[in-house]
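Here is the structure we will look at, set down as structure tokens.
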Amino acid sequence: MMTDLRSFCRKAKKAGALKAKVISTDSVVTANWVRYKCQYGCDGYGACLTCPPYSPTPEETASIIEEFDTAILLHGREHVNVTRIAAELEREILLAGHYKAIAFGSGPCRFCDECNLEEGCKHPSLARPSMESAGIDVFQTVRNNGFDIRVATCYESRTDYFALILVE
């Protein structure tokens, strides 16, 4: 299976990801404080169906992660929509025979200018909750896996985006 998943890492890079790596789910960290930061610090809170309070809670996410041993971690920068790459790879992974595949994106959803909270998502094949909205400590998780990540301290700072695909 590892060779098979590495082929998906190569596909992620062809799609624009800077890096993609097969990781153990033991290295994925969830924490309640992460979702709190979404509620108090992000203007996306309550504005789209992929963000809190609509996204999975940290407890739900931790429970889901426990059902997996393996994941693919994707890294991108400003010009790359890692959420799109993760959602499209999730589908390819499913079609390759890995029926257990769940993707988490990065940041607030960018597929619509305004989320249709009343009638439901217009892009369910692409929209995914972000890692942080589901309570995943992105900084610790990516550091646990050898990726470099820094806090963007100003608008000119390099911005890193990460997505995760749980897969069996």
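Here, each number is a calculation from the coordinates, and none is a lab measurement. Because the structure is predicted, anything quoted here is derived from the model rather than measured. Don't worry about glycine lacking a Cβ; one is built from the backbone with ideal geometry, like all the others, and counts go over all protein chains shown.
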Quick one: what are the phi-derived ³J(HN,Hα) couplings along region 126-138, Karplus 6.51/-1.76/1.60 with θ = phi - 60°, whole Hz, x for glycine and proline?
-> 10, 5, 9, x, 6, 4, 5, 5, 9, x, 7, 6, 4
Residue 77 long-range amide H proximity, modeled H, under 5 Å | 18, 161
Could you go through region 148-159 in sequence order and give the Karplus-derived ³J(HN,Hα) for each residue, using 6.51 cos²θ - 1.76 cosθ + 1.60 with θ = phi - 60°, rounded to whole Hz, and x for Gly and Pro?
-> 8, 8, 9, 6, 6, 8, 7, 5, 7, 5, 5, 10
What are the radius of gyration and Dmax of the chain, computed over its Cα atoms and given in Å?
-> 14.9, 43
Could you put 160, 4 in order, starting from the residue whose Cβ has the fewest other Cβ atoms within 10 Å?
-> 4, 160
Considering only 12, 152, 31, give the residue with the highest GNM mean-square fluctuation for the chain, with springs between Cα atoms whenever their separation is below 10 Å.
-> 152
The answer for the longest stretch of the chain without any exposed chymotrypsin sites (Phe, Trp or Tyr not before Pro) (DSSP loop, at most 12 further Cβ atoms within 10 Å) is 41-98
Karplus-derived HN-Hα couplings along region 107-122 (A = 6.51, B = -1.76, C = 1.60, θ = phi - 60°), whole Hz, x at Gly and Pro | x, x, 4, 10, 7, 10, 5, 9, 6, 8, 5, 6, 9, x, 5, 8
Under the rule of -39500 (n - 2.57) per DSSP H run of 4 or more residues, summed and divided by the residues of the chain, what mean residue ellipticity at 222 nm is obtained, to the nearest 500 deg cm²/dmol?
-> -8500 deg cm²/dmol
Amide H within-cut-off set for residue 112, under 5 Å, with H built and near neighbours excluded = none
Give the distance, in whole Å, between the Cα centre of region 57-89 and the Cα centre of region 38-52.
-> 18
Spelling it out for residue 137: with amide H atoms placed in the peptide plane at 1.01 Å from N, the residues 5 or more places away or on another chain with amide H under 5 Å from its amide H are 29, 30, 31
Within 10 Å of each residue's Cβ, count the other Cβ atoms and sort 158, 110, 84 from fewest upward.
-> 158, 110, 84
